Amino acid sequence: MTNLMQFSKANLRNPVGVLTCPVAAAATFTNDYNITQLTEQIGCRSNKTLLAKLNNDSDFHHLTLEEARRITAVTGDLRILKAWACGLDHQLIPAVPVAPSDEEFSDQLLLMAQRIGTFSASMLEARADGVITKADLAEIKRHAAKAIESIMQLELECEAQVRDWGADTDV
């Protein structure tokens with residue numbers, strides 16, 4: 001399903017970064033999406049019910065795994081899944097089953113190099129004063145995740161290009 005969600009009129013800021021708690025990540029959807037539209041698209045009973053489910057302070061309403069899946073599918077926003085993975089010290093890597101063209105492969109290679117450079121720059125900047133703060137570490141982790149994702153994406157694209165070639169059986 002394509003991402004047709006609109007940002008809410010109350011808050012037009014960019015979506016938040018990766019969190020480590022999926023419940024907290026789900027709560028951020030109230031800031032970034034039109035809840036009325038989201039309620040309709042995921043088949044929730046009412047706006048108030050969905051807001052209560054997204055409020056991680058609610059004792060009565062809790063977001064189900066199926067509702068979290070629907071929200072992710074409708075919005076195309078993976079923050080709940082990324083937070084869940086991050087909270088378990090894992091990285092979410094998108095799978096690409098189709099072999100890219102030479103141009104797309106080159107673009108992916110350049111994107112990977114750019115992200116590794118940005119990661120390296122964030123490390124250098126954080127270490128410039130001799131102290132790495134929690135904010136510095138969060139920035140380093142954010143850039144590391146993007147670099148790792150690019151490397152894994154390129155690996156998947158290489159895998160999609162593998163073809164049988166004669167009697168070569170070396171692996």
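No value in this document is a laboratory result; all are computed from the given coordinates. Computed from a prediction, not measured in an experiment: that's the story for all the values here. Please note: Cβ atoms are built from the backbone with ideal geometry, for glycine as well, and neighbour counts cover all protein chains shown.
Brief remarks on what is shown
- Tail beyond 20 Å, pair distance distribution of the stretch 13-117 (Cα, percent): 49 percent
- Stretchable slack from residue 142 to residue 66, in nm (0.36 nm times residue separation minus alpha-carbon distance): 24.6 nm
- Cβ-defined net charge surrounding residue 151, 12 Å radius [Lys, Arg +1; Asp, Glu -1]: -1
- DSSP-loop chymotrypsin sites (Phe, Trp or Tyr not before Pro) across the stretch 33-89, with at most 15 other Cβ within 10 angstrom: 60
- Residues 112, 152, arranged from fewest to most other Cβ atoms within 10 angstrom of their Cβ, appear as 152, 112.
- For the stretch 22-87, a crude dipole built from +1 on the beta carbon of Lys and Arg and -1 on the beta carbon of Asp and Glu, taken about the Cα centre, is about 100 debye to the nearest 20.
- By the beta-carbon count within 10 Å of each Cβ, the least crowded to most crowded order of 44, 21, fewest first, is 21, 44.
- Exposure proxy for 45, 70, 127: other Cβ atoms within 10 Å of each Cβ, ordered fewest to most, give 45, 127, 70.
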